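J.: Dropping the structure in here first, questions after.
Every number in this text was worked out from the coordinates using simple rules, so none of it is lab data. This is a predicted model, so every value here is computed, not measured. Neighbour counts run over all protein chains shown; Cβ positions are idealised from the backbone, glycine included.
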Amino acid sequence: MKKLQAILTNQRSQIIGITVGSALLLGLLWFRLGSLTYGNAADIEVMTRAASSGWMAILQHPLNLPYSVIQRLVAYTGHHGITSLRLISTVFAILAAALFYIVARQWHSTRVALLGTWLFMSSAWFLHVGRLGSPEILWLVSTLAVVVLLTPNRDGRHNRLALPSTLLALSMVLYVPGMVWIVLAGLLVRRKNIADAWEATNTRWLRFASIAFTVLVLAPLIYSFVKQPELIKTWLGFDGAIPSLKNIGHNLLDVPLSLILRSSFDPVHWLGRVPILGVFEIVMFLVGTYFYASHLRAARTRLIVVLAIIGWALVGIMGSSAISLVLPIVYLLIASGVAYILHLWLKVFPHNPVARTVGIAVIMLAVLLTSVYQTRSYFVAWRYNSETSQVFQVKL
């Protein structure tokens with residue numbers, strides 16, 4: 001009991017922050033989940049529901065399997081409306097926020113991890129994909145899962161269950177279109193993580209069981225490739241005709257432009273031509289990029305650079321909506337920018353409590369104002385935009 005009390009006392013600020021943050025996250029994701037678009041669905045949500053009409057349909061087209069399986073299980077409860085469909089996306093959005101906090105906490109202090117996670121989960125793009133009845137949310141979750149599994153110095157890597165848990169997570173990620181490239185690139189850069197997990201699993205039967213279970217999990221995907229070889233193209237990220245070099249170049253250029261200047265997304269995913277990042281986020285993104293640019297030899301920097309490049313290339317091939325593959329890296333850089341600014345400020349005023357408090361308060365105020373701007377952009381401006389009502393017209 002005393003040990004538990006000591007843990008609660010030492011981690012009090014983190015526990016309070018996580019509790020408050022979790023409550024706010026649920027509020028952001030579940031507030032007017034079905035009624036924000038007046039109970040209507042977009043075409044992409046209609047197609048998502050039709051894609052999981054039965055277990056045979058899922059087996060024949062198992063891409064985005066984690067989403068489809070949960071969707072099918074929800075259907076057994078008798079709930080088929082738009083709210084139920086979007087509720088599935090919010091489950092994965094919660095997982096994405098949790099994974100982001102895990103990474104941010106491994107890299108930074110509790111304060112920075114909480115602030116960075118709040119910026120991420122209150123961002124308008126997170127709310128758009130996290131509250132849309134579409135498996136696009138899996139891009140956010142999958143990218144963050146890869147970062148968690150492959151980040152340097154990850155706690156618990158020497159646990160005996162590290163190998164089976166890592167292989168299971170990566171197997172589920174491989175069901176998401178395009179993610180195979182990010183997984184392969186991440187493993188190439190951080191192959192030491194898998195080697196450490198293999199060594200930690202020091203019993204042959206557990207190693208064999210881990211590999212056998214991984215093959216079993218991937219069996220539906222392999223089966224579908226044998227029956228429908230054309231699915232391999234979609235799985236690799238080439239959905240439909242391979243885009244021309246001109247279109248790829250246009251999509252690649254759209255990524256930085258959409259982040260800081262103007263966007264070109266459809267009304268289902270975004271509001272007009274508003275950039276994804278706010279002013280404070282742009283500044284912190286540049287600061288975070290500068291920090292890692294000055295530490296190019298660090299293992300974490302190599303992982304970030306490789307994942308960002310592969311994600312950016314996939315956006316060029318798959319289209320602008322796949323920018324969800326890049327945004328987790330962008331917000332991790334924003335969190336690093338916040339950490340670096342606070343580090344510099346506290347370094348200048350190491351023993352001045354007033355100056356320290358003022359510096360932290362200014363950063364927190366900037367984070368608060370940014371989150372208000374982002375959430376109003378989604379819940380108010382986007383909702384009442386005339387283009388939004390035009391693309392959400394189907395009753396489920």
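J.: With the checklist (1) of a type outside the set (D, E, K, R); (2) within 23 Å of residue 338 (Cβ to Cβ); (3) in contact with a helix residue (DSSP H, G or I) (Cβ under 8 Å, 6 or more places away or on another chain) in hand, flag the one item residue 90 doesn't pass.
T.: Status for residue 90: all satisfied but (2).
J.: I'd like to check something: does the range 272-289 contain any residue that is of a type in the set (Ser, Thr, Tyr) and in contact with a Phe, Trp or Tyr (Cβ under 9 Å, 6 or more places away or on another chain)?
T.: No - not one qualifying residue is present in the range 272-289.
J.: Taking interchain pairs and intrachain pairs at least six residues apart, which have beta carbon atoms under 9 angstrom, with the first residue in the range 358-376 and closer than 13 Å to residue 124 by Cα and the second surrounded by fewer than 19 Cβ atoms within 10 Å (Cβ to Cβ)?
T.: Matching pairs, first to second residue: 370/279; 373/279.
This table checks each residue for (1) of a type outside the set (Phe, Trp, Tyr); (2) surrounded by fewer than 17 Cβ atoms within 10 Å (Cβ to Cβ); (3) within 19 Å of the chain's Cα centre (by Cα).
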site: 118; (1), (2), (3): no, no, yes
site: 126; (1), (2), (3): no, no, yes
site: 132; (1), (2), (3): yes, no, yes
site: 137; (1), (2), (3): yes, no, yes
site: 170; (1), (2), (3): yes, no, yes
site: 176; (1), (2), (3): yes, no, yes
site: 184; (1), (2), (3): yes, yes, yes
site: 202; (1), (2), (3): yes, yes, no
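J.: Take the range 27-81 and flag every residue that is of a type in the set (A, V, I, L, M) and in a loop (DSSP other than H, G, I, E, B).
T.: Matches in the range 27-81: 33, 42, 63.
J.: Any idea which of 218, 187 is aliphatic (A, V, I, L, M) and over 17 Å from residue 66 (Cβ atoms)?
T.: The unique qualifying residue is 187.
J.: Has the range 300-312 got any residue that is in contact with a Ser or Thr (Cβ under 8 Å, 6 or more places away or on another chain), assigned to a helix (DSSP H, G or I), surrounded by fewer than 23 Cβ atoms within 10 Å (Cβ to Cβ) and aromatic (Phe, Trp, Tyr)?
T.: No, the range 300-312 contains no residue that is in contact with a Ser or Thr (Cβ under 8 Å, 6 or more places away or on another chain), assigned to a helix (DSSP H, G or I), surrounded by fewer than 23 Cβ atoms within 10 Å (Cβ to Cβ) and aromatic (Phe, Trp, Tyr).
J.: Taking the range 285-307, which residues are in contact (Cβ under 8 Å) with a residue 60 or more places away in the chain and within 19 Å of the chain's Cα centre (by Cα)?
T.: 300, 303, 306, 307 - these are the residues of the range 285-307 that are in contact (Cβ under 8 Å) with a residue 60 or more places away in the chain and within 19 Å of the chain's Cα centre (by Cα).
J.: Okay, next question. Please find, among 72, 32, the residue that is touching a Gly at 6+ places or on another chain (Cβ under 9 Å) and over 19 Å from residue 139 (Cβ atoms).
T.: 72
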